[in-house]
Amino acid sequence: MAPEAAAKDELRLEQRHGKARVRVARVWRQSHDGAHHFVEWNVSISLLSHCLSSYHRDDNSDIVATDTMKNTVYVKAKECGDRLSVEEFAILIGNHFCSFYPQVFTAIVNIIEKPWERVCIDGKLHLHGFKLGSEKHTVEATVQKSGALKLSSGIAGLALLKTTQSGFEGFVRDKYTILPETRERMLATEVNASWRYSYESVASIPTKGLYFSEKFMDVKKVLMETFFGPPETGVYSPSVQRTLYLMGSAVLRRFADVSSIHLKMPNIHFLPVNLSTKENPSMVKFKDDVYLPTDEPHGSIEATVSRITSKM
Ligand SMILES: O=c1[nH]c(=O)c2[nH]c(=O)[nH]c2[nH]1
């Protein structure tokens, strides 16, 4: 928020305004091989600006209209002749508002990219055919007039499940506890991750190729490899907490330009099904085979893993 003291009333006002959920799709047509590239973005913009008179008086002369913000998304999408990553587009939009309008000092741009993937027909990548995948790519760019930048990317809704190599033992037992200890259970979650890049100014971001799009795929790969372990043996998970920490620390170890990662990993329960009657005591006896899938309630487990930067 933009805090400004209103001397007249001795009140403090914190304000921002913006346009939420501006939907835009962009096609880039490559002339050399006929391939089309496609993205669909949902853009939200929030501006911190000096426009106090609109709150204190009937004077809108400093307001950048939210309708103008919406139009700017389409203009900038049109103007970007070459493919760019969702991170670069967020920074471009944020930078525009901070540099074009004297009264805007901070722009916060959030974008959600839909997971459209090129289809494969008869083993060949289609030139202009796409299907919708599941997990989304998110970004938040906070740009200051000075060019200072905070950049985070994320994954939303990455549903993962393994049918073994998971357990939960040694937790607190008291008169309220009935959960049995186990070394054999299903582990299912829907990962929401957000990682902060260490680039601190617009001028310092890597611009070669689609740097951040590739990085997004690489981070996702590291998260999944750590969750599942090797294909034939897997890796044992003693708790969601431990697995979350290993996933986050693997990302920090692997990518020098990621300074922290927040992971939210609900523990989605698949309950053992045991059915028995007096007549048929072993009608369905659970042998790690038949489960009742559930959505709620679920365990909610989240943590942020960051580098400890020693300041000498
Ligand atoms: O991995 C787990 N972490 C928990 O904190 C927890 N709590 C619970 O009931 N089951 C589990 N599993």
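Some notes on this structure:
- Apart from one condition, T164 fits all of (1) of a type in the set (S, T, Y); (2) in contact with a strand residue (DSSP E or B) (Cβ under 7 Å, 6 or more places away or on another chain); (3) under 30 Å from P231 (Cα atoms); the exception is (2).
- Within segment 234-245, residues that are outside the structural domain of I268 (by TED's automatic domain parsing) reach no partner that is near the ligand (Cβ under 8 Å from one of its atoms) and modelled with pLDDT under 95 with beta carbons closer than 9 Å at six or more positions or on different chains.
- Pair list, Cβ < 6 Å and 6+ apart or interchain, from segment 161-174 residues that are in contact (Cβ under 8 Å) with a residue 60 or more places away in the chain and open to solvent by less than 70 Å² (accessible area, probe 1.4 Å) to residues that are among the basic types (K, R) and more than 10 Å from the ligand (Cβ to nearest atom): G167/R183
- Residue in segment 75-92 that is hydroxyl-bearing (S, T, Y) and either within 21 Å of S146 (Cβ to Cβ) or under 24 Å from the mean Cα position of the chain (by Cα) (or both) present: yes
- Search result, residues across segment 51-78 that are within 13 Å of F97 (Cβ to Cβ) and either modelled with pLDDT under 95 or in a helix (DSSP H, G or I) (or both): T66, T68, M69, K70, N71, T72, V73, V75, K76
- Residues located in segment 28-50, provided they are small (G, A, S), on the phi < 0 side of the Ramachandran plot and assigned to a loop (DSSP other than H, G, I, E, B): S31, A35
- Checked against the criterion of being among the polar types (S, T, N, Q), open to solvent by 60 Å² or more (accessible area, probe 1.4 Å), out of contact with any strand residue (DSSP E or B) (no Cβ under 7 Å at 6 or more places or on another chain) and farther than 21 Å from K162 by Cβ, the candidates S204, S213, S282 yield just one match: S282.
- On the stretch given as segment 161-184, residues that are within 15 Å of P272 (Cα to Cα) and of a type in the set (V, I, T) total 4.
- Segment 184-241, residues that are within 15 Å of the ligand (Cβ to nearest atom), under 22 Å from D295 (Cβ atoms) and hydrophobic (A, V, I, L, M, F, W, C): M186, L187, A188, V191, F227, V240
The values are calculated or read from the model by the stated rules, or taken from the named source; none is laboratory data. Computed from a predicted model, the values in this text were never measured in an experiment. Virtual Cβ from ideal backbone geometry, glycine too; neighbours counted across all protein chains shown. When the accessible area is computed, the model is the full protein with side chains, heavy atoms only, and any ligands, DNA or RNA have been set aside. Shrake-Rupley method; radii C 1.70, N 1.55, O 1.52, S 1.80 Å.
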